[in-house]
Amino acid sequence: MSFLLAPSLLSADFAHLGRDVEMVNQSQADWFHIDIMDGRFVPNISFGFPVLKSIAQLAQKPLDVHLMIVEPDKYLAEFKKNGADIITLHYEAVDHLHRSIHAIKDLECKAGVVLNPHTPVHLLEDIIAEVDLVLLMSVNPGYGGQKFIENTYAKIEKLKNLILQKNSKALIEVDGGVSKSNIRALVDAGADVLVAGNAVFGTDNPLHTIAEMKKL
């Protein structure tokens, strides 16, 4: 069973970001995963618009932009302008999810919703048919390198059942603690897209690591 792999640039070497972007371009990875953090929704700050724009100028694969920010609706057009192809926002961060999802679609980006580990899948029942993907956090958002939450497997299966029940075309994406040791189990549970940060960039040969992951 095939899956899409999205290396997370949050784990890249920021002093050599262009080099790492080019490595992903040359690799078998499918997307770039870019975490946007504002220090308010999560206790960390990451990339802003100038860095996103610079990445977009080099990237030859879709930019999967994960917004871990409050009031994301204010900035959707700016993210599109600076290179986002896919925009996912947190269920916990928006008041009017239906409106936000369609605002992303109106920008001609793919639209996704993110669930924190404690947020149940059934809350998406009325929106699942209208989103392009659902990102399940398998760690608490805000930092890379955290331990994978084992309940994620059951959550993937619940989400897959909901997608089938509602005749949705949504992809299931998983972010946090993904490694070579659990890729096969995640895909078997129903995951379509896997985000990998430290498991890729923390190795001596990330290009080779990506190739190995894609074979699993």
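Relative contact order, percent, of the stretch 155-216 when contacts are C-alpha pairs under 8 Å separated by at least 6 residues?
Computed over the stretch 155-216, the figure is 33 percent.
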key: Calculated from backbone phi, Karplus (6.51, -1.76, 1.60) coupling profile of the stretch 57-65 in Hz, x at Gly/Pro   = 5, 9, 5, 10, 9, x, 9, 9, 9
ask   = Mean projection of the alpha-carbon convex hull of the stretch 43-147 over all orientations, in nm²?
value = 7.0 nm²
query = So, by mean Cβ neighbours within 10 angstrom, what's the order for 169-178, 21-30 with the highest one leading?
reply = 169-178, 21-30
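Given contacts defined as C-alpha pairs under 8 Å and at least six residues apart, what's the relative contact order of the chain, whole-number percent?
22 percent
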task = Enumerate the lysines that Lys158 could reach by cross-link, defined here as Cα to Cα under 27 Å, with residues fewer than 8 away along the same chain left out.
result = Lys105, Lys110, Lys147, Lys166, Lys169, Lys180, Lys214, Lys215
task = Compute the label zone of Val70 within the stretch 26-40: residues whose backbone N is under 20 Å from the point 7 Å along Cα-to-Cβ.
result = 36-40
ask   = What Kirkwood hydrodynamic radius do you get for the chain when you take the inverse of the mean 1/r over all pairs of distinct Cα atoms, in Å?
value = 17.1 Å
request  = Using just the helices of the chain, give the 222 nm mean residue ellipticity in deg cm²/dmol: DSSP H runs with n ≥ 4 each add -39,500 (n - 2.57), and the total is spread over all residues, rounded to 500.
outcome  = -9000 deg cm²/dmol
remark   = Distance in nm between Asn161 and Glu22 label points, each 7 Å along Cα→Cβ, equals 4.9 nm
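Computed from the coordinates by the stated procedures, all read-outs in this text should not be read as laboratory data. What you see is a predicted model; the values in this text were computed from it and never measured. Glycine gets a Cβ as well: all are built from the backbone with ideal geometry, and neighbour counts include every protein chain shown.
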